[in-house]
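Take a look at the structure set out below.
Quick note: the coordinates plus some simple rules give every number you see, no bench work behind them. From a predicted model like this one, the values you see are computed outputs, not experimental measurements. Cβ: placed from backbone, ideal geometry, glycine included. Neighbour counts: every protein chain shown.
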Amino acid sequence: MNQPVLDLRDVSRVHGSGSTAVHALRSVGVQVYAGELVAVMGPSGSGKSTLLTLAGGLDRPSSGSVLVEGTALESLDQGHRARMRRTAIGYVFQDFNLIPALTAAENVALPRELDGERSRAARRAALAALTEVGIGELADRFPDELSGGQQQRVAIARAVVGERRLILADEPTGALDTETGEDILGLLRARCDAGAAGVLVTHEARYAAWADRVVFLRDGRIVDETRADRPDSLLETGKTR
């Protein structure tokens, strides 16, 4: 089998020490391959968001290793981890994390410009990503001129711009109505079908149904893993996996 895009090997994360130590993750192993969307579910405090921050290089494991395309993130210094996040890893936050003073296109282009790409080329890439998520005509609007669903589409465009190979989404539908949430999941699914690897943290079974596999966490451990089945509702609406 091909090398996984994301490979968490016996990963643990402990916050604090001694009697006050909190074991957020305990010896977790997960592999996600190109073309695959994996949903992570579990109760509050089970370690879902910790798993995602480690996968995105936003934090380091206490033990174990997190590899993205064969590179161990914990072995990189802060600058190289930041470059990896700009070029290979896309992160979709629940609260969008858009910069209010920048237009949609400028928000999406920013990671490319920070990586040294010329402004004109970065804008072309941003417009292509915005068009891919269905809001190319809103490129020059500011975040406060966009609906919640449109802002989340901008956030997804920023996460996929530049052919990111790993897309991480932390409750990306939490602030959206059901119909818009389904549209957002359709966009993530399409990106994975095009060859990216995706990890979705969600507490909603209807959104997890878009995934190929569902991993269940409890108290920082994987307690179950199952393949997701496409529900009839997706077929009826003409959405494909």
* **Count of residues meeting criterion [of a type in the set (Val, Ile, Thr), over 12 Å from the mean Cα position of the chain (by Cα) and assigned to a helix (DSSP H, G or I)] in the stretch 156-183** => 2
* Quick one: which residue in ALA175, ALA155 is within 18 Å of ILE89 (Cβ to Cβ) and in contact (Cβ under 8 Å) with a residue 40 or more places away in the chain? => ALA155
* Asked: In the stretch 59-73, what count of residues is obtained for those that are surrounded by 17 or more Cβ atoms within 10 Å (Cβ to Cβ) and not small (Gly, Ala, Ser)?
  -> 6
* Number of positions in the stretch 193-226 that are assigned to a loop (DSSP other than H, G, I, E, B), in contact with a strand residue (DSSP E or B) (Cβ under 7 Å, 6 or more places away or on another chain), of a type outside the set (Gly, Ala, Ser) and within 21 Å of LEU54 (Cα to Cα) -> 2
* **Count - residues of the stretch 126-140 that are farther than 22 Å from GLY186 by Cβ and surrounded by 15 or more Cβ atoms within 10 Å (Cβ to Cβ)** => 0
* Asked: Does ALA169 satisfy being surrounded by 22 or more Cβ atoms within 10 Å (Cβ to Cβ), in contact (Cβ under 8 Å) with a residue 24 or more places away in the chain and more than 14 Å from ALA129 (Cα to Cα)?
  -> yes
* **Residue within the stretch 147-154 that is under 23 Å from VAL5 (Cα atoms) and buried (at least 21 other Cβ atoms within 10 Å of the Cβ) present** => no
* Give the stretch 193-222 a look and list any residue that's surrounded by 24 or more Cβ atoms within 10 Å (Cβ to Cβ) and under 22 Å from ALA125 (Cα atoms), or say none. => ALA197, GLY198
* To do: With the checklist (1) touching a strand residue (DSSP E or B) at 6+ places or on another chain (Cβ under 7 Å); (2) surrounded by fewer than 20 Cβ atoms within 10 Å (Cβ to Cβ) in hand, flag the one item SER44 doesn't pass.
  => (1)
